[in-house]
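Asker: If you scroll down you'll find the structure; I have some questions about it.
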Amino acid sequence: MTKQFACALTHVRHEGFFLEKWIAHYGAIVGRENLFVVIDGDDWEPTVDLTGITTDVILDAPRRRIQNDRFIAKEMSGRANKLRKRYEYVIRGDCDEYVVIDPDAGLDWPAAMAELGEDGYVFALGVDVVQAATEPEAIARDRPILGQRRHGYVADTYTKPFVISRWANWAGGAHRLLNRPVRMSAHFMLFHMALSDQAVAEERMAARGGADQHPSFVGHQTDRLNAIANAQLSQQPLEFRDARAIALAQFPFEADGSPAKRPRKSTDPRATEKGLPVTIPARFDGLV
């Protein structure tokens, strides 16, 4: 049986804004009928239109962060590997993560996917998009985020293996693949949007239970929120091309030069704990 080109798979809990963005973004790439949304829990219902999308509900996910990450990694890996029987490529990521092809590459998705080759996977370079102090206005939610927000970090944390074409299993948080070294893409970029707007981020945390969540989630989400409006983002950003070159050279390797199993932090003196601060080039405007 001839396989279809690609599908996209995500997991959601108490999501609205980002799920709608995810559907629009990946539906335009693979077709709405090739989208798969796994809904975490029966204690809520998405308000987003899921017509034509394959959905499923899981009921037994743990509510501690580390245990939850491991559970979801196993659950989603199993689903992705089953989907490989129908699709040549299976895209998997969180609903606040959007992979694009660098416009400078001049490639469409089928041509860009050829990069996976015999290895059957590739890591997209991660950019953590964060509302900067120089961007006080709330985003217009019915418009693309890129262009409204121009600051972020080229980040090891969000450099992820977002697609597979051979058997593979993600580990907690989907930041790595089990028994696979980091293999960086030459043209795929992953834009992580959770902190692109303070109001959206606060609403999202509240929808998930706010301070009533398990402390492991509260601490993580609060720490992330503190990155918004950090002055370092807009004061001395690196040139995007320079940050990208540093990432490609350093993220895939351990300190001794051996292949890394997950992207490693940059040792460049300009790097922060969250990554390499950059201004996002205008060529990405409107892509997400």
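Asker: Treat each spin label as a single point 7 Å out from the Cα along the C-beta direction, and report the Asp142 to Glu202 distance in nm.
Answerer: If labels sit at Asp142 and Glu202, their model points lie 2.4 nm apart.
Asker: Could you name the lysines whose alpha carbon sits less than 27 Å from that of Lys3, not counting residues in the same chain fewer than 8 places away?
Answerer: Qualifying lysines at Cα under 27 Å: Lys21, Lys74, Lys82, Lys85, Lys160.
Asker: Something else now. Each residue of segment 8-21 in order: what ³J(HN,Hα) in whole Hz does its phi give by Karplus 6.51 cos²θ - 1.76 cosθ + 1.60, θ = phi - 60°, with x for Gly and Pro?
Answerer: Residue by residue, segment 8-21 yields 10, 10, 9, 10, 9, 9, 6, 10, x, 4, 6, 5, 4, 5 Hz.
Asker: Set the Förster distance to 30 Å, then compute FRET efficiency between Thr55 and Ala105 from the Cβ-Cβ distance, nearest 0.05.
Answerer: The calculated FRET efficiency here is 0.35.
Asker: Put a dot 7 Å past each Cα toward the Cβ at Asn179 and Lys82; how far apart are the dots in nm?
Answerer: Result for the modelled spin labels: 2.2 nm.
Asker: Another question, if that's okay. For segment 100-204, what does the relative contact order come out to in percent, with C-alpha contacts under 8 Å and a separation of six or more?
Answerer: After rounding, I find 41 percent.
Asker: Would you work out which of Ala186, Ile29, Ala282 lies farthest towards the positive end of the dipole of the chain? Charges go on Cβ: Lys and Arg +1, Asp and Glu -1.
Answerer: Positive-most Cα among the choices belongs to Ala186.
Asker: Considering only Val48, Val182, Val38, give the residue with the highest GNM mean-square fluctuation for the chain, with springs between Cα atoms whenever their separation is below 10 Å.
Answerer: Val48
Asker: Past the 17 angstrom mark, what percentage of all C-alpha to C-alpha distances in segment 146-185 do you count?
Answerer: Summing the P(r) of segment 146-185 above 17 Å gives 39 percent of all pairs.
Asker: I've got another one for you. How big is the shadow of the Cα convex hull of the chain, averaged over all directions, in nm²?
Answerer: 14.6 nm²
Asker: A further question follows. So what is the orientation-averaged projected area of segment 231-288, using the convex hull of its C-alpha atoms, in nm²?
Answerer: In nm², the orientation-averaged hull projection of segment 231-288 is 5.0.
Asker: Consider all pairwise Cα distances in segment 1-131 and report the whole-number % of them above 17 Å.
Answerer: 62 percent
Asker: Right, something else. Would you calculate the separation in nanometres between label points at Arg264 and Arg241, each defined as 7 Å from the Cα along the Cα-to-beta-carbon direction?
Answerer: For Arg264 paired with Arg241, the spin-label model returns 2.7 nm.
Asker: Residue by residue through segment 43-58, what is 3J(HN,Hα) from phi via Karplus (6.51 cos²θ - 1.76 cosθ + 1.60, θ = phi - 60°)? Round to whole Hz and write x for glycine and proline.
Answerer: 8, 7, 9, x, 8, 7, 5, 10, 4, x, 9, 7, 10, 8, 10, 10
Asker: Now a separate question. Return the single residue from Met189, Met205, Met113 with maximal mean-square fluctuation; model: Gaussian network over the chain, springs between Cα atoms under 10 Å.
Answerer: Maximum fluctuation in the GNM of the chain, among the listed residues, is at Met205.
FYI, it's all coordinate maths here, none of it is from the lab. Predicted model only: the values in this text are computed from it and were never measured. Positions of Cβ are backbone-derived with ideal geometry, glycine not excepted, and every protein chain shown enters the neighbour counts.
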